[in-house]
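Single-structure report; data block below.
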Amino acid sequence: MAVMPVRAWPDPVLSQKAEPIEVVDDEVRRLLADMAETMYRSEGIGLAGPQVGVSRRVVTMDVPGDGEGEPSTGLLYLVNPRVVAREGTCMMTEGCLSFPGLEIDVKRAERVRVEYLDQHGEPHVVDAEGILAVCFQHEIDHLDGIVFTDRLGPVRRRLALRDYDKLRRSAGGR
């Protein structure tokens, strides 16, 4: 496994719609393993292909439990994931490895149903709520060329991007 560089906004790959995976093979499994290593090294809970410069529909996730009896998901490998149902709304503070240091409140669906293939090409359907539902939506957005600041209204987006620009300048232009 290898740690990959995480692309920071405004890298153009983050605004592109990722290509679907036709066959889940050893190359895809190697990419997923490298993405998982990168996600853990970066202390993230999710990572999408475009965030490591690979415009393909792959995601790794490991969402912690909520501390109230909801267990951790463990490492999930998602190939061609898609949200097939949404219900309710919630507001949750999100971070993003492509926006280091920025945390913003984002409105999303409270519950989602997600379909995907695993690293062996086997189909799965997951009904998720809370932080898991938010993480699915955040990462699948990346596959569609959408970043979390795109989910804000124009004023909140401008303020969030201004804050991010300050963070980048104070960190030496990352």
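Divide by every residue of the chain the summed helix terms, -39500 (n - 2.57) for each DSSP H run of at least 4, and state the resulting mean residue ellipticity at 222 nm, rounded to the nearest 500 deg cm²/dmol.
Calculated mean residue ellipticity at 222 nm is -9000 deg cm²/dmol.
Please get the size of the charge dipole for the chain, origin at its Cα centre, with Cβ charges of +1 on Lys and Arg and -1 on Asp and Glu, quoted in debye to the nearest 20.
Here the chain has a charge dipole of around 1000 debye.
Mind checking the full-extension length gain between D150 and E115? Use 0.36 nm per residue of separation minus the Cα-Cα distance, one decimal, nm.
Taking D150 through E115 to full extension adds about 10.2 nm, to one decimal.
Tell me, what is the percent relative contact order of the chain, built from C-alpha pairs under 8 Å that lie six or more residues apart?
Across the chain, relative contact order equals 23 percent.
Dipole of the chain (Lys/Arg Cβ +1, Asp/Glu Cβ -1, origin at the Cα centre): which of G130, P64, L14 lies farthest to the positive side?
L14
State which stretch of the chain is the longest one without any exposed GluC sites (Glu not before Pro), exposure meaning a DSSP loop state and at most 12 other Cβ atoms within 10 Å.
Excluding the exposed sites themselves, the longest stretch runs over 69-174.
So I have [x] 64, 38, 30; [y] 43, 36, 29; [z] 55, 47, 38, and one of them is Cα extents along the principal axes in Å calculated from this model. Which one is it?
[y]
Report ³J(HN,Hα) in whole Hz for each residue of the stretch 4-16, in order, from the Karplus equation J = 6.51 cos²θ - 1.76 cosθ + 1.60 where θ = phi - 60°; Gly and Pro get x.
With coefficients 6.51, -1.76 and 1.60, one gets 9, x, 8, 6, 9, 4, x, 3, x, 4, 6, 9, 9 Hz.
Which trypsin sites (Lys or Arg not before Pro) in the stretch 12-49 pass both tests, a DSSP loop state and at most 13 other beta-carbon atoms within 10 Å?
K17
In percent, what relative contact order does the stretch 31-113 have, based on Cα pairs under 8 Å that are 6 or more apart in sequence?
Relative contact order here is 22 percent.
Report the calculated FRET efficiency for V23 and E87 (r = Cβ-Cβ distance, R0 = 35 Å), to the nearest 0.05.
0.60
What does the net charge come to around M1 if you take all other residues with beta carbon closer than 13 Å to its beta carbon, with K and R at +1 and D and E at -1?
Working: positive: R29, R30, R41; negative: D34, E37.
Around M1, the surrounding residues sum to +1.
Read-outs throughout are calculated quantities, based only on the coordinates presented, and are distinct from any laboratory measurement. All values reported here derive from a predicted model rather than from experimental measurement. Every residue, glycine as well, gets a Cβ built from its backbone with ideal geometry; the counts of neighbours run over all protein chains shown.
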